[in-house]
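Notes follow once the structure below has been shown.
Here, each number is a calculation from the coordinates, and none is a lab measurement. A quick note: this is a predicted structure, and the numbers were derived from the prediction, not measured. Every residue, glycine among them, receives a Cβ derived from its backbone with ideal geometry; neighbour counts consider all protein chains shown.
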Amino acid sequence: MLAFSKQEVPPALKSHLNAQFSFIAELSKKMFDGVQRVGQLNVQVAQTIMEEAINSAHQLIESNTPTEYMSIAAAQVQPVAEKVRAYQQHLSNISAGVQAELSKTAEQHVPETSRTAAAVAEEVARRGAEETDKVTQRQKAAFEKLTKPINDQAPQQNGSSQQQPPQGASAPKQPGKTL
């Protein structure tokens, strides 16, 4: 990218940066919302597990016979498996919801971001062409400045040598005339 001075940031670049920031900020917000929902689910599951573990422990402590103890323990297996399945389903739902929100956000922001990126590319190309023209003009001016003394001396030397032939040299012969 071309270097821009701090005072001269092109509007196209500002617009693109704002579009990028908005896009990233909204994506981040959606991601954090999803993480927050997973965190809430985990807290809820932890509370439920803790309450059920305490209740199960009380029932086991109050049991009088090994058969009663085994039946209480066996009765806990099925509900735990169902809760694990429900937890996995909640996680899948949260994940799918976050993915849908991210896709929707991308659909909303990508066209604007693409448009501003194209505007920045056009601005960079335009400025690049302008700078190239300026450099070319400076190089031509420098070349002319360097070659001007040489070009000014060349006609004077050529003109003086044609006016006076060197000594001992004969005049050029013209066709059709004999001496």
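Just to be sure I follow: if Rg is taken over the C-alpha atoms of segment 38-100 and Rh is the Kirkwood radius over the same atoms, what is Rg/Rh?
Working: Rg = 15.5 Å, Rh = 13.4 Å.
Answer for segment 38-100: 1.16.
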(message) Taking just the alpha-carbon atoms of segment 3-64, what radius of gyration and Dmax come out, in angstrom?
(response) 26.0, 85
(message) Taking a virtual spin label 7 Å from the Cα of Ser56 along the C-beta vector, which residues in segment 63-89 bring their backbone nitrogen under 13 Å of it?
(response) 70-84
(request) Averaging over all projection directions, find the projected area of the Cα convex hull of segment 105-150 and quote it in nm² with one decimal place. (result) 2.9 nm²
